[in-house]
Amino acid sequence: MGDADIPGVTVVQPESPAEPQETEAPGPRRMVLNMGPQHPSTHGVLRLLLELDGETIVSAQPDIGYLHTGIEKEFEVKNYQQGVTLTDRIDYLAPLSNNLCYCLAAEKLLGLEIPPMAQWQRVMLTELTRLNSHLVWLGTHAIDIGAMSVFLYCFREREDILRIFEMYSGQRMMTSYFRIGGLALEPPRGWHKRIKDFIDVFPSRVDEYEELLTSNGIWIGRTKGVGFISLEDMLDWGVTGPMLRAAGLKWDTRKTQPYSSYDKFDFEVPTRTENDVYARYLVRIEEMRQSARIIQQALAGMPDGRWTADAPHVVLPDREKMKTQMEALIYHFKIVTEGFRVPAGEVYQVIESPRGEVGYYMVSDGTAKPYRVHVRGPSFGNLQAIPEMVKGTLIADVIASIGSMDFVLGDSDR
Amino acid sequence: MIADELKSFPVVAALAEAEPEALVGGKFDRGELTLEIAAERIVHACAYLKNEQKFVRLSTVTALDWYPEEPRFEVVYHLHSPERNERLRLKCRLAGENPEIDSVTVVWRSANWYERETFDLFGIRFRNHPDLRRIMLPEDWEGHPLRKDYPVTGDRV
């Protein structure tokens, strides 16, 4: 078809689709370097094909798919509640964010009202997830660039967070603690003190990381002015999250399209305009402080009430009721054996995960299993921008640049 | 034909005016707007929405397989405009075993990988795509796993 007549569209001639081939008469200094899929700085199984001219990157081609596990297909043969366990395994550094997005999508289809207490617990735990994810990012990013000790500090606090998750759900990482209709279990005794003890000291811990890095000459030298990519290019390539905020776009789904009571919390969306690796670092550091604020507000104002919705056809009855009431027993039997039916329809639920925009597109045909669940992972969009970002830079900066994207390959490959 | 109640959305009215052949249907359900676009006009509609209606982001592209119904496939685009703070879903119906549709990579470069993924897992070909290869599965994989006639489990040995 003739695209030339469409206003605003310029037809780009297809680039050579094949991988760069060394045989095509490379210049005397040109070489193709295969980075990954086992390279330590790609944190997972990203493979980058770098075409080099000396130490300068001529072109880069990301190659993904090594971690594809067919999760979207698997959703279609599990009932809705079973699907929650798959979402943990998509972005394994932010499992609760994915739990939340999946549950919100299903609840939107069902038209379920979630009690305030469950919503606030969800906010608090997803913010702890954000801290957890940013801590892993900061520690590993610093190691990549050569600051070993930051990693040890970050993992000290991460351990505390994982212990909190374990206390809640019995699991450290794949908690599956959010369920359609609320939470899996009643919050455990003593949760309040445990989180309060942690969050009261956490801001001072962020100060410690900042002391190590923010005005550290080596850190600034390795990150300032590195990894620039224009805001327009990022939007066009599908980049989301802290990357955009470090380029000055004040867009955070928690603020613009609030979900799960985020509109009741007072927090700032940090932005920078330098749009380099250092700015992304500062944005994430500030996000940690803001998350701590949200958690403190959640602790202070946690509403009383049930942790599950009043929907007996969706939520399993209490053990005691199940043993004493016929109706509860019937519901229990039906939910366990065949799941619950979800009215036909489709929704696209979007939340702000630590990495950016997570979207779950869920289609129901009226049965107890989703007809289709599509996951829009932020890492997938972010990775697309790598060639644009590293073109023309030095190979040593590639590590810093891709580290600043904070991707998880499970999230992009699914 | 577009229901009159949908015309109350500025973006629908504008699109119906600018691209009358493109817009073939739509619905507003659970607070989300879905527009059905004629497959051969998808690039025109997307270019208009991006350039004139500020939908600068393509959030994702995927597909649905309604096997054994015909037309069997639906390609689904999720658009987002940070400036308008609005989201929009576009759908195109495609028939047959080997469906084809024009690529929207000329509008948003991010469509590149989204369409490659859709091609890989559904076998929908995107015409004029700069680099239409499998992205998740190995090059020599047979079949397209997210089609409904693709088995979930292999043969038991």
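The values are calculated or read from the model by the stated rules, or taken from the named source; none is laboratory data. Remember, predicted model here, so these are calculated numbers, not experimental data. Cβ coordinates were reconstructed from backbone atoms using ideal geometry, including for glycine residues, and neighbour counts include every protein chain displayed. The protein model used for the area step is the full one, side chains on, heavy atoms only, and it has no ligands, DNA or RNA in it. Shrake-Rupley method; radii C 1.70, N 1.55, O 1.52, S 1.80 Å.
A few notes on this one:
- Some residue of segment B:46-55 being under 12 Å from the mean Cα position of the chain (by Cα), among the small types (Gly, Ala, Ser) and at pLDDT 90 or above: no
- Here the condition is being open to solvent by less than 10 Å² (accessible area, probe 1.4 Å), hydrophobic (A, V, I, L, M, F, W, C) and touching a strand residue (DSSP E or B) at 6+ places or on another chain (Cβ under 9 Å); of A:Ile90, A:Ile114, it holds for A:Ile90 alone.
- Count - residues of segment A:176-220 that are basic (Lys, Arg) and assigned to a helix (DSSP H, G or I): 4
For every residue, the table says whether it meets (1) at positive phi; (2) open to solvent by 40 Å² or more (accessible area, probe 1.4 Å); (3) among the hydroxyl-bearing types (Ser, Thr, Tyr); (4) assigned to a helix (DSSP H, G or I).
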{"position": "A:Arg254", "(1), (2), (3), (4)": "no, no, no, yes"}
{"position": "A:Thr273", "(1), (2), (3), (4)": "no, yes, yes, no"}
{"position": "A:Ala292", "(1), (2), (3), (4)": "no, no, no, yes"}
{"position": "A:Ala300", "(1), (2), (3), (4)": "no, yes, no, yes"}
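- Of all residues in segment A:343-368, those satisfying the criterion of being of a type in the set (Val, Ile, Thr) and either facing another protein chain (nearest Cβ under 9 Å) or closer than 17 Å to B:Ala63 by Cα (or both) are A:Val347, A:Val350, A:Val363.
- Answer from B:Val104, B:Val61 - the residue that is in contact with a His (Cβ under 9 Å, 6 or more places away or on another chain), within 12 Å of another protein chain (Cβ to nearest Cβ) and buried (at least 16 other Cβ atoms within 10 Å of the Cβ): B:Val61
- Among the helices (runs of 4 or more DSSP H) confined to segment A:327-414, the ones with at least 1 residues that are closer than 16 Å to A:Gly44 by Cα and open to solvent by 20 Å² or more (accessible area, probe 1.4 Å) are located at A:395-405.
- Residues that are part of a strand (DSSP E or B) and not basic (Lys, Arg) within segment B:3-43 comprise B:Leu23, B:Val24, B:Gly25, B:Gly26, B:Phe28, B:Asp29, B:Glu32, B:Leu33, B:Thr34, B:Leu35, B:Glu36, B:Ile37, listed in sequence order.
- Filter pass, A:Phe265 being modelled with pLDDT of 90 or more, away from chain B (no Cβ under 14 Å) and under 22 Å from A:Gln82 (Cα atoms): no
- Residue check, B:Arg125 over 23 Å from A:Tyr348 (Cα atoms) and modelled with pLDDT of 90 or more: yes
- Close contacts from segment B:3-18, counting a first residue that is under 17 Å from B:Leu79 (Cα atoms) and a second that is of a type in the set (Gly, Ala, Ser) and assigned to a helix (DSSP H, G or I), with Cβ to Cβ under 7 Å and a gap of 6+ residues or different chains, come to B:Leu15/B:Ala45.
- A:Arg29 vs. criteria surrounded by fewer than 17 Cβ atoms within 10 Å (Cβ to Cβ) and not hydroxyl-bearing (Ser, Thr, Tyr): yes
- For segment A:117-128, the set of residues classified as open to solvent by less than 10 Å² (accessible area, probe 1.4 Å) and among the polar types (S, T, N, Q) consists of A:Gln121, A:Thr126, listed by residue number.
- Checking A:Asn99 against (1) open to solvent by less than 40 Å² (accessible area, probe 1.4 Å); (2) touching a Gly at 6+ places or on another chain (Cβ under 7 Å), the condition it does not meet: (2)
Results for (1) out of contact with any Phe, Trp or Tyr (no Cβ under 6 Å at 6 or more places or on another chain); (2) modelled with pLDDT of 90 or more; (3) over 30 Å from B:Asn85 (Cα atoms), shown as yes or no for each residue.
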{"site": "A:Glu157", "(1), (2), (3)": "yes, yes, yes"}
{"site": "A:Lys193", "(1), (2), (3)": "yes, yes, yes"}
{"site": "A:Phe198", "(1), (2), (3)": "yes, yes, yes"}
{"site": "A:Ile218", "(1), (2), (3)": "yes, no, yes"}
{"site": "A:Gly227", "(1), (2), (3)": "yes, no, no"}
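- Residue that is farthest from A:Gly238 (Cα to Cα) [pool: residues in segment B:63-105 that are touching a helix residue (DSSP H, G or I) at 6+ places or on another chain (Cβ under 6 Å) and β-branched (Val, Ile, Thr)]: B:Ile101
- Matching residues in segment A:70-85 - criterion: being open to solvent by 20 Å² or more (accessible area, probe 1.4 Å) and away from chain B (no Cβ under 11 Å): A:Asn79, A:Gln81, A:Gln82, A:Thr85
- Residues (of a type in the set (D, E, K, R) and within 14 Å of chain B (Cβ to nearest Cβ)) located in segment A:196-253: A:Glu232, A:Asp233, A:Asp236, A:Arg245, A:Lys250, A:Asp252
Yes/no per residue for (1) closer than 30 Å to A:Arg254 by Cβ; (2) open to solvent by 10 Å² or more (accessible area, probe 1.4 Å); (3) not charged (D, E, K, R):
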{"site": "B:His80", "(1), (2), (3)": "yes, no, yes"}
{"site": "B:Arg89", "(1), (2), (3)": "yes, no, no"}
{"site": "B:Cys92", "(1), (2), (3)": "no, no, yes"}
{"site": "B:Ala111", "(1), (2), (3)": "yes, no, yes"}
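- B:Lys54 meets the stated requirement of being open to solvent by 50 Å² or more (accessible area, probe 1.4 Å) and over 19 Å from B:Arg93 (Cα atoms).
- Subset of segment B:122-157 (residues that are polar (S, T, N, Q) and more than 17 Å from the chain's Cα centre (by Cα)): B:Thr153
- Test: residue in segment A:161-182 that is farther than 30 Å from A:Ala106 by Cα and either at pLDDT 90 or above or touching an Asp or Glu at 6+ places or on another chain (Cβ under 6 Å) (or both): no
- Just one of the numbered conditions (1) more than 9 Å from chain A (Cβ to nearest Cβ); (2) in contact with a strand residue (DSSP E or B) (Cβ under 7 Å, 6 or more places away or on another chain); (3) open to solvent by 40 Å² or more (accessible area, probe 1.4 Å); (4) assigned to a loop (DSSP other than H, G, I, E, B) is not true of B:Pro68: (2).
- Annotation note: Cβ proximity below 6 Å between a residue of segment A:259-272 that is of a type in the set (A, V, I, L, M, F, W, C) and a residue that is part of a helix (DSSP H, G or I) (sequence gap 6+ or interchain) occurs for A:Phe265/A:Ile294; A:Phe265/A:Gln297; A:Phe267/A:Gln290; A:Phe267/A:Arg293; A:Phe267/A:Ile294; A:Val269/A:Lys255.
- Residues located in segment B:126-144, provided they are facing another protein chain (nearest Cβ under 8 Å) and within 14 Å of B:Arg109 (Cβ to Cβ): B:Asn128, B:His129, B:Pro130, B:Asp131
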